[in-house]
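The values are calculated or read from the model by the stated rules, or taken from the named source; none is laboratory data. Being a predicted model, the structure only gives us computed values, none of them experimental. Reconstructed Cβ throughout: ideal geometry from the backbone, glycine too, with neighbour counts over all protein chains shown. The protein model used for the area step is the full one, side chains on, heavy atoms only, and it has no ligands, DNA or RNA in it. Shrake-Rupley method; radii C 1.70, N 1.55, O 1.52, S 1.80 Å.
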Amino acid sequence: MATLVHTLADHSDDVNCCAFSSSCLATCSLDKTLRIYSLDNFTELPYSPLRGHTYAVHCCCFSPSGRLLASCSTDGTTRVWHAADGRMLAVLEQPSGSPVRVCRFSPQSTCLVSGAADGSLALWNVQSLRLCRSGNVKDGSLVACAFSPNGNFFVTGSSCGDLTIWDDKMRCLCNEKAHDLGVTCCDISSQPISDGEHGCRYFHMASCGQDNQIKLWLISFADCLGVELKYKCTLNGHSAPVLACAFSHDGQMLVSGSVDKCVIIYETSTSNILHSLCRHTRYVTTCAFAPRSSLLATGSMDKTVNIWQLDFKEPCAANAVENEARVAVETWSEDDVSAWLCAQDLADFVGLFKRNNIDGKELLHLTKESLANELKIESLGLRSKVLQKIEELRLNAISVAVPVPDEFLCPITRELMKDPVIAADGYSYEKDAIEKWINNKRRSSPMTNLPLPTPVLTPNRTLKMAIGRWLETQQK
């Protein structure tokens, strides 16, 4: 059983990552901040939020001891904070200056890895907080990273679909094409599953990608023999790109989050689905198990983090799936509609909608006239807000059915572009998003972090027509 016990709604923009220590939960967001919560009562700690990054914060992680917290950002830096009081201890600038997408501590807290949008990789000494080594993948952005349990090796995932295994000397030991449309996340279980020859131990590794798939691998690490990576199976529970995956502390469960707004919990040994959860109203971007409790955190582009309590004391049938996540909007109950209203900051309408028995089917058929004449919502502004949210529900049905091509998404908002323009860096962005970026005195490229020679924006009519044609095919 998985029970939603708390929802955190303090961020003002998309939640990009969440991470547990033994006593705290950290979250980070496009709003440039990190927030830290106590696991005792989920209250925000006095020194939270942490401010310092000048652009979106993409990833955060605690050191294994919980003493340090690292975060990385589009501003080209990885910052290290003291987890007890929020003091900033260091600003680690990526050698290339590129936006940093992922950061991870080694299991012994001796190293910190940061990976960037230009494929550059930096290995930092945690004690001195200085750069030890740097490297690069051949193609794509670095978006994922996971350390081996002994800390002598780590795996990176790139937007071109490759998994690369490195040793602590930053030597590339293995490269595997894993996901055709790009890797989005990877994780390695800390618990061994079998012993091989020469004392090698095998561990489960998971990777997920834009191809809607989660792949399970068997990976072995041995200082004398190097590494071995074997494909095990593919998990196809999601209907859209999978953005996050993570193992439980004991390695018995794997959780994933997706563009289809679902959170799925698998039993690692059998690959069976234990639970499928839905309380997020937009893409699920991050998920994490707590290390010493039965808590699970999931974060989303709906600006919230949900905290779940897991209880698997009772036997679970292999097909015991909580279908709430997979249920189409048309089959929502009145309670589902109430939960959706609360998530959209429309909680004041819960009573009104319940009195009128508005379920999912009725919700999708609401119009401006029915809101005014039947539900008696007098305020034009509130009617417009409700209609806008309902229209987003209808449009999101498209994204669940078919993944949006990455080139149609604005690099800043990660949403389908309506008015694409080309900036001086050669990349296309949603017009409003790049104008806000530039107007906030950010005269550097969101993609390369290099200075923009001019703020001039050119309409990308070809891309706009391509997006229009793609939308037409989805609506047929």
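Within segment 163-182, the set of residues being outside any strand (DSSP E or B), at negative phi and open to solvent by 10 Å² or more (accessible area, probe 1.4 Å) comprises 168, 169, 171, 180, 181.
Return the pair list, or none, for Cβ contacts closer than 6 Å from residues in segment 429-457 that are in contact (Cβ under 8 Å) with a residue 40 or more places away in the chain and among the polar types (S, T, N, Q) to residues that are open to solvent by less than 70 Å² (accessible area, probe 1.4 Å) and assigned to a loop (DSSP other than H, G, I, E, B), at least 6 apart or on different chains. From segment 429-457, the pairs are 448/425; 449/76; 449/97; 449/98; 449/99.
Filter segment 413-422 for residues that are modelled with pLDDT of 90 or more and out of contact with any strand residue (DSSP E or B) (no Cβ under 6 Å at 6 or more places or on another chain) and give the result.
So in segment 413-422, the residues modelled with pLDDT of 90 or more come out as 417-422.
Within segment 413-422, 418, 419 qualify.
Going residue by residue through segment 393-400, is there one that turns out to be at pLDDT 85 or above, assigned to a helix (DSSP H, G or I) and either in contact with a Leu (Cβ under 9 Å, 6 or more places away or on another chain) or surrounded by 14 or more Cβ atoms within 10 Å (Cβ to Cβ) (or both)? Before you say what the answer is, go through the steps one by one.
Applying the first criterion (at pLDDT 85 or above) to segment 393-400 yields none.
No: segment 393-400 contains no residue that is at pLDDT 85 or above, assigned to a helix (DSSP H, G or I) and either in contact with a Leu (Cβ under 9 Å, 6 or more places away or on another chain) or surrounded by 14 or more Cβ atoms within 10 Å (Cβ to Cβ) (or both).
Of the strands (runs of 3 or more DSSP E) lying entirely inside segment 234-326, those containing at least 2 residues that are in the same structural domain as residue 189 (by the TED database), surrounded by 24 or more Cβ atoms within 10 Å (Cβ to Cβ) and at pLDDT 90 or above span 242-247, 253-258, 263-267, 284-289, 295-300, 305-310.
Please verify whether segment 406-414 includes one or more residues that are assigned to a helix (DSSP H, G or I), open to solvent by 40 Å² or more (accessible area, probe 1.4 Å) and closer than 19 Å to residue 118 by Cβ. Within segment 406-414, one or more residues are assigned to a helix (DSSP H, G or I), open to solvent by 40 Å² or more (accessible area, probe 1.4 Å) and closer than 19 Å to residue 118 by Cβ. Of everything listed in (1) over 22 Å from residue 266 (Cβ atoms); (2) free of Cβ contacts under 8 Å to residues at least 60 places away in the same chain; (3) under 17 Å from the mean Cα position of the chain (by Cα), the single unmet condition for residue 117 is (2). Within segment 90-134, the set of residues being open to solvent by 70 Å² or more (accessible area, probe 1.4 Å), of a type outside the set (D, E, K, R) and over 15 Å from residue 61 (Cα atoms) comprises 95, 127, 131, 134. Could we say that residue 43 is β-branched (Val, Ile, Thr) and more than 19 Å from residue 143 (Cα to Cα) here? Answer is yes for this residue.
Counting only residues that are of a type in the set (A, V, I, L, M, F, W, C) and under 28 Å from the mean Cα position of the chain (by Cα), which one in segment 341-363 is most open to solvent (accessible area, probe 1.4 Å)?
Restricting attention to segment 341-363, the residues satisfying the condition of being of a type in the set (A, V, I, L, M, F, W, C) are 341-343, 346-347, 349-350, 352-353, 358, 363.
Next, from what is left, pick out any that are under 28 Å from the mean Cα position of the chain (by Cα): 341-343, 346-347.
On the way: 341: 0, 342: 72, 343: 36, 346: 5, 347: 55 Å².
Restricting to residues being of a type in the set (A, V, I, L, M, F, W, C) and under 28 Å from the mean Cα position of the chain (by Cα), the top hit is 342.
What about residue 348, is it touching a Pro at 6+ places or on another chain (Cβ under 9 Å) and at pLDDT 80 or above? The answer is no for residue 348. Of everything in segment 1-22 that is part of a strand (DSSP E or B) and in contact with a Ser or Thr (Cβ under 7 Å, 6 or more places away or on another chain), the residue that is surrounded by the most Cβ atoms within 10 Å (Cβ to Cβ) is 15. Just one of (1) part of a loop (DSSP other than H, G, I, E, B); (2) over 23 Å from the mean Cα position of the chain (by Cα) fails for residue 160. It is (2).
Pairs meeting the criteria (first residue in segment 374-385 and under 15 Å from residue 351 (Cβ atoms), second residue open to solvent by 80 Å² or more (accessible area, probe 1.4 Å) and of a type in the set (Asp, Glu), beta carbons under 9 Å, at least 6 apart or on different chains) are 382/348. Here residue 64 fulfils each of the conditions (1) open to solvent by 30 Å² or more (accessible area, probe 1.4 Å); (2) at negative phi; (3) of a type outside the set (Val, Ile, Thr); (4) in contact with a strand residue (DSSP E or B) (Cβ under 6 Å, 6 or more places away or on another chain) apart from (4). Checked against the criterion of being acidic (Asp, Glu), in contact (Cβ under 8 Å) with a residue 24 or more places away in the chain and in contact with a Lys or Arg (Cβ under 9 Å, 6 or more places away or on another chain), the candidates 250, 302 yield just one match: 302.
Of the residues in segment 23-43, how many are open to solvent by 50 Å² or more (accessible area, probe 1.4 Å) and either part of a strand (DSSP E or B) or in contact with a Leu (Cβ under 8 Å, 6 or more places away or on another chain) (or both)?
First pass over segment 23-43, keeping only residues open to solvent by 50 Å² or more (accessible area, probe 1.4 Å): 23, 32, 40-41, 43.
Right, trim to either part of a strand (DSSP E or B) or in contact with a Leu (Cβ under 8 Å, 6 or more places away or on another chain) (or both) and you get 23.
Summing the residues that are open to solvent by 50 Å² or more (accessible area, probe 1.4 Å) and either part of a strand (DSSP E or B) or in contact with a Leu (Cβ under 8 Å, 6 or more places away or on another chain) (or both) in segment 23-43 gives 1.
Residues in segment 25-63 that are in contact (Cβ under 8 Å) with a residue 60 or more places away in the chain and in contact with a Gly (Cβ under 7 Å, 6 or more places away or on another chain): 27 only.
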